[in-house]
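The values are calculated or read from the model by the stated rules, or taken from the named source; none is laboratory data. No experiment lies behind these values; they were computed from the predicted model shown. Quick reminder, even Gly has a Cβ in these numbers, built from the backbone with ideal geometry, and neighbours come from all protein chains shown. Side chains are part of the model used for accessible areas, which takes the heavy atoms of the whole protein and leaves out ligands, DNA and RNA. Shrake-Rupley method; radii C 1.70, N 1.55, O 1.52, S 1.80 Å.
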Amino acid sequence: MFARAAASAAVIVTLSAFDGAAAQTANQPPDTMAARVEACTPCHGNKGEGTSDVYFPRLAGKPAGYLYNQLLAFRSGRRKYPPMNYLLEFLPDPYLEAMAEYFASEHPPLPQPAPSEVSKDVLAQGEALATSGDAGRGIPACVSCHGPALTGMQPGIPGLLGLRAAYVSAQLGAWRYGTRTAKSPDCMQLVAGHLTEADVTAVAAWLATRPAPANPAPVPKGTYALPFGCGSQPN
Amino acid sequence: MGSKLSITLLALAALITAAQAQDKTQDKSSDVIARGEYLARAGDCTACHTAAEGRLFAGGRPMPTPFGTIYTSNITPDPETGIGKWSADDFYRTMHNGRFPDGGLIYPAMPFASYTKVTRADSDAIFAYLRSIQAVNQKNKPHELRFPYDNRQLILGWRTLYFREGEFRPDPAKSAEWNRGAYLVEGLGHCSMCHSPINALGGTSQSDAFKGGLIPMQNWYAPSLTNNREAGLGDWSIKDITDLLQTGVSARGVVYGPMAEVVHNSLQYLDDADTRAMAVYLKGIAEASSPPPASSALPNTESSLLISLGKTVYDKNCASCHGTQGEGKPPHWPPLANNQSIEMQSAVNPIRMVLNGGYPPGTKGNPMPYGMPPFAGLLSDNEVAAVVSYIRTAWGNRGTPVSAREANELRSAPLN
């Protein structure tokens, strides 16, 4: 009886959906990307600004090509995080591209840098690695690829600001252990392969203390030459 | 002179006819290949025979089973590692009888128990298509099955119990459309591989076909396709069924989990006539009478506490999409009121939906689907149980409450 009442209510709702364009829009979710990515925002924030969980990365403003590469890698399972692997499994390329473009074009402000829990010496070591590298150990400066202001370069190199230390060290660790890989040649694997555990802690901590630059947008493609080739950044 | 000319003319004419004939056979063989490709889609061969980021039909995809891992075969025309040396007879034997060319037994993870219904002509078309694709030289991975399941002779026992060889036989009492639908659903579609209770031997018995069951290792419940209290489609309109099969969403509900895969790789490619035929058949096999309503294992007081907490959780987290009355905004935000897939005796699917969220598959008819966030990290076991109990019983829904323990157990269900 109850069920039948619900059923006829549903019929009325359905019928009224065809009763003119206005009713139709009223009974449909908004035809926007924002509504389509509501499955992502509890973890990544409404505009991709990140959430309080230190392992959930900011997406906003990163180069669209970079974000798209990550979505392809999650969909195929090459980059592993089961909740995301599951969500993306049956979504087509053009849709993933549209999601990447959506988050790339959002520009919420970068978060306040967090006070660091590591010593001054460690921060200094991190700064040295990021800005000058360590030629003796074959480590190029992070800025040589991620840009002098660490804001990344279109289309494939992400900025490194606005990320928490826990996230950055987890990613560098994943490259060292081979659980995260990028398009070949995977230059980040070469870089991460030369880093020690202590290097990772230091550089991740220093990056997280950086204030937002005046212009956080990634620089255009070809602004500077990379020290060696990266599959995700075609020349 | 004159006769010479006429002979030349005749010869020319013969040449032309020969050329035309050749054109025709070429035409015909490309038609057959196109048909074979279509039928391979209907059989969803790619779901198993193509690995993630792997080459088309080169195999190597792991299939976890309760007995160990089976790896699918390379079915490209490579002569060493694929099926390049097979004849159409060999291929038909595999499809129809589950045997390798040398007579060896094939594991029923390859759904030959359904493909046996496929006609010889359709099998030949699929074979012609498989011969036309890029050959890939990639050795088959050996299966990793535990003793004694690594002994193929055991398959004989399974075959005796569950395998009935034989092509599809149309039912003359039914329409051509119904029979076409039956052919696709029972044969290439191998729907009964999931939509049947799975017994300890990993078999589906004929009499239980389409009665529903929990898919081993994946922890998804594939509902009965005959019972209107599960996914029986007796009271669905044909349009809602064809929408669901072709686009993955409909005014009555959406597909998710393993069924999203089926729509994504296979059903979205079927033409309107075949989709409609399947809908007519599926609507036809739904049983008229529904069984008595399910009963809950939970004591009444606990249930009513759960349900009132559930309403709070629902209004805060779910109503923005599914509506305060569970009306949703169909087809993209599915209705939860009068939605069979929530009310079933097994609560596995709605619990997993809340924990894992999901997107329906991106299809030609719905290329940018709307999604649902996963709530595993946002809600406690108790809250998950409460909200699922609420949606199963609110708005006239006739499901039963679920316990926090059931919600907790499904947190570790595999996501791929």
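Expressed as a fraction of 2.2 N^0.38 Å, the value expected for a compact globular protein of N residues, the C-alpha radius of gyration of segment A:78-207 is 1.14.
Which of rounded, prolate, oblate describes the protein assembly as shown, given a ≥ b ≥ c as roots of the alpha-carbon gyration tensor eigenvalues and a/c under 1.5 marking rounded, otherwise prolate only if a/b is larger than b/c? It is oblate, given that a/c is not under 1.5 and a/b is not larger than b/c.
How would segment B:209-258 be classified by its alpha-carbon gyration tensor: rounded, prolate or oblate, with rounded meaning a/c under 1.5 and the a/b versus b/c comparison settling the rest? Taking the square roots of the gyration eigenvalues as a ≥ b ≥ c, segment B:209-258 is oblate.
Kirkwood Rh over Cα pairs of segment B:176-285 into Stokes-Einstein at 20 °C, 1.002 mPa s: D in µm²/s?
In µm²/s, the coefficient is 154.
Relative to the 2.2 N^0.38 Å rule of thumb, chain B has a C-alpha radius of gyration ratio of 1.15.
Take the Cα radius of gyration of segment B:300-412 and divide it by 2.2 N^0.38 Å, N being the number of residues; the result is 1.02. Heavy-atom accessible surface of segment A:114-222, averaged per residue, reaches 47 Å², computed with a 1.4 Å probe.
Scanning chain B for GluC sites (Glu not before Pro) in DSSP loops with at most 16 other Cβ atoms within 10 Å, what's the longest stretch left with none? Longest gap between qualifying sites, sites excluded: B:288-416.
Per residue, segment B:176-285 exposes 35 Å² of accessible surface when a 1.4 Å probe is rolled over the protein heavy atoms with every protein chain present. Per residue of peptide B:320-329, the mean number of Cβ atoms on other chains within 10 Å of the residue Cβ is 3.
According to the calculation over all Cα-Cα pairs in segment A:178-233, the P(r) per 5 Å bin from zero is 4, 14, 17, 18, 24, 19, 3, 0 %.
Sorting A:210-220, A:122-132, A:63-73 by their mean Cβ neighbour count within 10 Å, with the most densely packed peptide first, gives A:63-73, A:122-132, A:210-220. Buried accessible surface for the B/A pair, both sides summed and rounded to the nearest 100, is 2800 Å² with a 1.4 Å probe.
How large is the direction-averaged shadow of the alpha-carbon convex hull of segment B:45-162, in nm²?
That works out to 7.2 nm².
Peptide A:27-39 shows a mean partner chain C-beta count of 4 within 10 Å per residue C-beta. Charge dipole of the protein assembly as shown (Cα centre as origin; +1 on each Lys and Arg Cβ, -1 on each Asp and Glu Cβ, all else neutral): 520 debye, rounded to the nearest 20.
For the residues of B:369-379, the average number of beta carbons from a partner chain within 10 Å of their own beta carbon is 5. Shape class of segment A:32-106 from the alpha-carbon gyration tensor: rounded, with the ratio a/c of largest to smallest axis under 1.5.
With the helix formula -39500 (n - 2.57) applied to DSSP H stretches of n ≥ 4, chain A reaches a computed 222 nm mean residue ellipticity of -13500 deg cm²/dmol.
Given the options B:Pro334, B:Pro142, B:Pro401, state which has the largest fluctuation in a GNM of chain B using a 10 Å cut-off (strictly under) for Cα springs. Checking each option, the largest mean-square fluctuation is seen for B:Pro142.
The B:Asp31 and B:Thr160 beta-carbon pair, evaluated with R₀ = 51 Å, returns a calculated FRET efficiency of approximately 0.80.
With all protein chains in place and a 1.4 Å probe, the accessible surface of segment B:176-285 carries 58 percent carbon and sulfur. Taken along the Cα-to-beta-carbon direction at a fixed 7 Å, the label points for B:Gln153 and A:Asp53 span 5.2 nm. Expressed as a whole percentage, what fraction of the accessible surface of segment B:21-133 belongs to carbon and sulfur atoms when a 1.4 Å probe is rolled over the protein heavy atoms? Solvent-exposed carbon and sulfur of segment B:21-133 make up 53 percent of the total.
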